[in-house]
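The values are calculated or read from the model by the stated rules, or taken from the named source; none is laboratory data. Given the structure is predicted, the values throughout are model-derived calculations rather than measurements. So basically every Cβ, Gly included, is an ideal-geometry build from the backbone, and we count neighbours across all protein chains shown. Calculation scope for accessible area: heavy atoms of the full protein, side chains included, ligands and nucleic acids excluded. Shrake-Rupley method; radii C 1.70, N 1.55, O 1.52, S 1.80 Å.
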Amino acid sequence: SSIPREDKNIFNIDKRYKDLLMSIRTISYTWKDDDDGKIHVGVSAQQTEKALIASGFNPDTFGALYHDFWDKPNDDGRTDRYSVNYDEIAMLMLPVVQDHETRLCNIEMDNESYRTVIDELIDENTRLKKRVEQLENKLTA
């Protein structure tokens, strides 16, 4: 819900979340049981689990990753399954995009300032070249 009356433990996103986002590897894959051969794009749940741990998060309490266990094996003999909540993974991008936009705007403002200084230096250089030429002409005259 992400509203204070229904949520608790509300914190700002810190650097660990950006580190997590940057360490999650996007992959392409096809389904084993699907004969149409369509290529899908996503993340590896097991790799995401490792990225969570490396970024200082507990995978068991992070809503973007689920690791379910069953009492009895399923048809292919597995007793567990990983899944990823892509909405939560996508939300990791928002503060990173916001930070990048802020940094880009600052760089653009700096570039404008630099452009002004460069233009002034070009004008000054042109004036100085003319003065040097005039002085050289006086010396050779």
Query raised in the report: Looking at (1) without any contact (Cβ under 8 Å) to a residue 24 or more places away in the chain; (2) part of a helix (DSSP H, G or I); (3) not small (Gly, Ala, Ser), can you tell me which one residue 35 breaks?
Result: (2)
Query raised in the report: Across region 84-141, what is the number of residues that are over 30 Å from residue 12 (Cβ atoms) and touching a helix residue (DSSP H, G or I) at 6+ places or on another chain (Cβ under 7 Å)?
Result: 0
**Report entry** Scope region 1-42; condition surrounded by 10 or more Cβ atoms within 10 Å (Cβ to Cβ) and either of a type in the set (Gly, Ala, Ser) or over 20 Å from residue 92 (Cα atoms) (or both); matching residues
**Finding:** 23, 29, 30, 31, 40, 42
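Give region 43-86 a look and list any residue that's charged (D, E, K, R), surrounded by fewer than 16 Cβ atoms within 10 Å (Cβ to Cβ) and at pLDDT 95 or above, or say none.
In the first step, residues of region 43-86 are kept if they are charged (D, E, K, R); the result is 49-50, 60, 68, 71-72, 75-76, 78, 80-81.
From what is left, the residues that are surrounded by fewer than 16 Cβ atoms within 10 Å (Cβ to Cβ) are 50, 60, 68, 71-72, 75-76, 78, 80-81.
Residue satisfying the conditions is 50 alone.
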Requested in this report: List every residue pair whose Cβ atoms sit under 6 Å apart, with the two residues 6 or more apart in sequence or on different chains, where the first one lies in region 87-107 and is surrounded by 13 or more Cβ atoms within 10 Å (Cβ to Cβ) and the second, anywhere, is of a type outside the set (A, V, I, L, M) and assigned to a helix (DSSP H, G or I).
Outcome: 92/17; 96/18
Report task. With the condition kept exactly as written, say whether any residue in region 56-63 is of a type outside the set (A, V, I, L, M, F, W, C), assigned to a helix (DSSP H, G or I), closer than 30 Å to residue 99 by Cα and touching a strand residue (DSSP E or B) at 6+ places or on another chain (Cβ under 8 Å). Result -> yes
**Report entry** Failed criterion for residue 114 (all others in (1) open to solvent by 80 Å² or more (accessible area, probe 1.4 Å); (2) touching a residue at least 24 places away in the same chain (Cβ under 8 Å); (3) among the aromatic types (Phe, Trp, Tyr) hold)
**Finding:** (2)
Report summary line: If we keep only residues of region 11-32 that are free of Cβ contacts under 8 Å to residues at least 12 places away in the same chain and over 26 Å from residue 68 (Cα atoms), then the residue nearest to the chain's Cα centre (by Cα) is 15
Requested in this report: Considering every residue within region 88-107, establish whether at least one is of a type in the set (Asp, Glu), at negative phi and assigned to a loop (DSSP other than H, G, I, E, B).
Outcome: no
Report task. Starting from region 57-85, keep only residues that are free of Cβ contacts under 8 Å to residues at least 12 places away in the same chain and under 17 Å from residue 46 (Cβ atoms), then list their pairs with residues that are part of a strand (DSSP E or B) and open to solvent by 60 Å² or more (accessible area, probe 1.4 Å) whose Cβ atoms are within a distance under 9 Å, requiring at least 6 positions of separation or different chains. Result -> 69/81; 79/69
